[in-house]
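S.K.: If you scroll down you'll find the structure; I have some questions about it.
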Amino acid sequence: QAQLVESGGGLVQAGGSLRLSCAGSGRTFSSYAMGWFRQAPGKEREFVAAIKWSRFSIIYADSVKGRFTISRDNAKNTVYLQMNSLKREDTAVYYCAAGAQAPSSWSGEYDYWGPGTQVTVSS
């Protein structure tokens, strides 16, 4: 079955960086838009970033714009999220998603989800 698995989460100091990866299997995701969402304790799931055709089709949440970069390697069936200048408010479980026709901030557009990876930013 098609599935997504995130990796790269962990504990990092505020101002530091992490790079998340999301590897797909069971299906080629090249034709899908892929995205990242996150959910902090006591908060609703929120959109982070999404991508389809590289730089020609990328969107970011305002809260991460200028700090996070989404990219993908279709040969590896993988999407990445480079997170720089991390803040305590970035602490959350980060989820990878795929299946949208175009990059979207609405979680309902995505058909496939990973189990999530924890990112904790300390001060």
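S.K.: Considering the range 15-31 alone, what residues qualify as being over 14 Å from the mean Cα position of the chain (by Cα) and open to solvent by 30 Å² or more (accessible area, probe 1.4 Å)?
M.R.: If the condition is that a residue be over 14 Å from the mean Cα position of the chain (by Cα) and open to solvent by 30 Å² or more (accessible area, probe 1.4 Å), then Gly15, Ser17, Ser25, Gly26, Arg27, Thr28, Ser30, Ser31 are the ones that fit.
S.K.: To continue, here is another question. Among the candidates Leu81, Leu86, Leu20, single out the residue that is in contact with an Asp or Glu (Cβ under 7 Å, 6 or more places away or on another chain) and within 29 Å of Ser123 (Cβ to Cβ).
M.R.: Criteria check complete, one pass: Leu20.
S.K.: Of all residues in the range 88-103, which are open to solvent by 10 Å² or more (accessible area, probe 1.4 Å) and charged (D, E, K, R)?
M.R.: Within the range 88-103, Arg88, Glu89 meet the criteria.
S.K.: Looking at the range 28-65 only, could you name the residues that are more than 15 Å from Trp106 (Cβ to Cβ), assigned to a loop (DSSP other than H, G, I, E, B) and hydroxyl-bearing (Ser, Thr, Tyr)?
M.R.: Thr28, Ser30, Ser31, Ser57, Ser63
S.K.: Turning to a different aspect of this structure: Out of the range 40-51, which residues are open to solvent by 70 Å² or more (accessible area, probe 1.4 Å) and within 16 Å of Phe68 (Cα to Cα)?
M.R.: Passing the criteria: only Glu46.
S.K.: Search the range 73-87 for residues being touching a residue at least 24 places away in the same chain (Cβ under 8 Å) and not in a loop (DSSP other than H, G, I, E, B), and hand back the single one that is most open to solvent (accessible area, probe 1.4 Å).
M.R.: Lys76
S.K.: Looking only at the range 104-123, count how many residues are at positive phi and open to solvent by 40 Å² or more (accessible area, probe 1.4 Å).
M.R.: Residues that pass the stated criteria total 0.
S.K.: Additional query: Anything in the range 52-72 that is loosely packed, with under 15 Cβ neighbours inside 10 Å, at pLDDT below 95 and either under 17 Å from Arg19 (Cα atoms) or not aromatic (Phe, Trp, Tyr) (or both)? List them, or say none.
M.R.: Selection gives Ser54, Arg55, Ser57.
S.K.: Next question. Only one of these is in contact with a Pro (Cβ under 7 Å, 6 or more places away or on another chain) and not hydrophobic (A, V, I, L, M, F, W, C): Lys43, Lys52, Lys87. Name it.
M.R.: Being in contact with a Pro (Cβ under 7 Å, 6 or more places away or on another chain) and not hydrophobic (A, V, I, L, M, F, W, C) holds for just one of Lys43, Lys52, Lys87, which is Lys52.
S.K.: Could you grab me the full set of residues in the range 28-57 that are without any contact (Cβ under 8 Å) to a residue 40 or more places away in the chain and basic (Lys, Arg)?
M.R.: Arg55
S.K.: Let me ask another. Among Gly35, Gly9, which is under 15 Å from Gly116 (Cβ atoms), crowded, with 20+ Cβ neighbours inside 10 Å and modelled with pLDDT of 95 or more?
M.R.: Gly35
The values are calculated or read from the model by the stated rules, or taken from the named source; none is laboratory data. Given the structure is predicted, the values throughout are model-derived calculations rather than measurements. Here Cβ is always computed from backbone atoms with ideal geometry, including for glycine, and neighbour counts include all displayed protein chains. Heads up: the accessible areas ignore ligands, DNA and RNA and are worked out on the full protein's heavy atoms, side chains in. Shrake-Rupley method; radii C 1.70, N 1.55, O 1.52, S 1.80 Å.
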